[in-house]
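The values are calculated or read from the model by the stated rules, or taken from the named source; none is laboratory data. Everything numeric in this text was worked out from a predicted model, so none of it was measured. Using ideal geometry, Cβ is built from the backbone for each residue, glycine included, and neighbour counts are taken over all protein chains shown. SASA here: full protein model, heavy atoms, side chains in, ligands and nucleic acids out. Shrake-Rupley method; radii C 1.70, N 1.55, O 1.52, S 1.80 Å.
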Amino acid sequence: MATETSTQSYSEKWYWDDRYTNESDPFDWYQNYPSLSPLINLYLPHRTHRPLVIGCGNSAFSEGMVDDGYGDVVNIDISSVVIDAMNKKYSHRPQLKYLKMDVRDMKAFQDASFDAVIDKGTLDSILCGSNSRQHSTQMLEEVWRVLKDKGVYILITYGAPNYRLRLFKESSCSWTTKLHVIDKSLTGQPLETPKWELTKPIPLDDEGSSVESAIGKSPDVHYIYVCIKVCSLMLPTTLLA
C-alpha cells in the first residue's frame, strides 16, 4: 500500500515540491542526454530547432542539449521549488529557460511554438494519479497544440505499445508514430554493444502487437515514441514503422 500511495503521488505538485526541497542533486529519469543524443540529433538535426522539455525536474538533460549546440531549450515543471533552483543554477546560461507550468495547461505558449516536445516520465507520472485518462488526454492535446506542423513529441516511457498507442488514439490529436527502444542498462553509461540500435525504428502496427515479435516479451527496455504532428484533427492516427 505504501508503494502504491507513493506512486500515485507522482502526479501531485506537493510531492515534487517536497522531493526537490529535500533532494537537490541532479537526477535524470529514464536515460540521460548522452545515451539519447543520437536519437535527439536524428529528429532535431538543426541546432536552431527549439525544444520544450516538460517535467524537467533537476535533470542535467537540457544542459546536455545546450552543450551539444542547441541554442534555445525551454523547460517547464509543476514544482516552483525546482524551477526556482534551476533558474538560479543556470542564470549564467541564457540558452536555458525554466518556467513553472502545468503541462495540461500551457496557455502561456502560443500554438506551434516548438519544433519538439521531450517527455522523460511526465506522462507516466500523470498516469499514476486520479482521473489519469482525462489528464493524460489534456496533456497530449496541449503538447500537440504547442508543436509546429511536423514537430515531434518524443516520449520516453515504461509504457508498452498496447497501452500507450491506446492513449494516443483516445485524444483528438493526429500523429504519425514511430517506436524506438533503448536498453534500461544504458541509463548509467552506454554499453559497447547495445542489444537494439537506438536510431532504428521497431516495426509498429495499429495495436502494437508487432513489437513483441521484434524484441520479445517483456524486454528490459525504455520505449521511445516519436510522434510527428499531423496538422488535421480529422485525420486518423497513422502508425509507421
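Accessible area per residue, 1.4 Å probe, Å², for segment 52-166: what's the number?
Working: 4460 Å² over 115 residues.
That works out to 39 Å² for each residue.
How large is the helix-only mean residue ellipticity at 222 nm for the chain, computed as the sum of -39500 (n - 2.57) over DSSP H runs with n ≥ 4, divided by its residue count, in deg cm²/dmol to the nearest 500?
-9500 deg cm²/dmol
Given H placed on each backbone N at 1.01 Å, which residues far from L99 in sequence or on other chains put an amide H within less than 5 Å of it?
N75, I76, D77
Carbon and sulfur together cover what percent of the accessible area of the chain at a 1.4 Å probe radius?
52
Looking at segment 92-206, what % of its DSSP beta bridges pair antiparallel, to the nearest 5?
Of those bridges, close to 25 percent are antiparallel.
Among L155, H222, F109, flag the residue with its Cα farthest along the positive direction of the charge dipole of the chain, charges on Cβ as +1 for Lys/Arg and -1 for Asp/Glu.
The residue sitting farthest along the positive end of the dipole is F109.
Skipping prolines and chain starts, which residues have an amide H placed within reach, meaning under 5 Å, of the one on A112, given they are 5 or more residues away or on another chain?
When sequence neighbours closer than 5 places are left aside, the close amide H contacts are V146, L147.
Each residue of segment 71-76 in turn: what ³J(HN,Hα) in whole Hz from Karplus with 6.51, -1.76, 1.60 and θ = phi - 60°, glycine and Pro shown as x?
Calculated HN-Hα couplings, in order: x, 8, 10, 9, 10, 10 Hz.
Lysines near K195 by alpha-carbon distance under 24 Å, same-chain residues fewer than 8 away left out - which ones?
K120, K178, K184, K217
Nearest-5 percent of antiparallel DSSP beta bridges in the chain?
Percentage antiparallel, nearest 5: 45.
Read phi for every residue in segment 92-102 and hand back ³J(HN,Hα) as whole Hz from Karplus 6.51 cos²θ - 1.76 cosθ + 1.60, θ = phi - 60°, with x for Gly and Pro.
8, 10, x, 6, 9, 10, 10, 10, 7, 6, 8
Just grab the label-to-label distance for L99 and D17, each label 7 Å out from Cα along the Cβ direction, in nm (one decimal).
Calculated label separation equals 2.1 nm.
From the phi angles alone, apply the Karplus equation (6.51, -1.76, 1.60; θ = phi - 60°) to segment 216-229 and give each ³J(HN,Hα) in whole Hz, x where the residue is Gly or Pro.
These are the phi-based 3J(HN,Hα) values: x, 8, 6, x, 8, 9, 9, 8, 10, 9, 9, 9, 9, 5 Hz.
Give the shape of segment 113-158 as rounded, prolate or oblate, defined through the alpha-carbon gyration tensor: a ≥ b ≥ c are the square roots of its eigenvalues, a/c under 1.5 means rounded, and otherwise the shape is prolate if a/b is larger than b/c and oblate if not. Mind showing how you got there, number by number?
Values: a/c = 3.47, a/b = 1.65, b/c = 2.10.
In terms of gyration-tensor shape, oblate.
Is segment 1-108 rounded, prolate or oblate when judged by the Cα gyration tensor, a ≥ b ≥ c being the square roots of its eigenvalues, rounded requiring a/c under 1.5 and prolate requiring a/b larger than b/c?
Here segment 1-108 falls in the prolate category.
When a/c reaches 1.5 or more, the comparison of a/b and b/c decides; with that in mind, is the chain rounded, prolate or oblate per its Cα gyration tensor?
Taking the square roots of the gyration eigenvalues as a ≥ b ≥ c, the chain is rounded.
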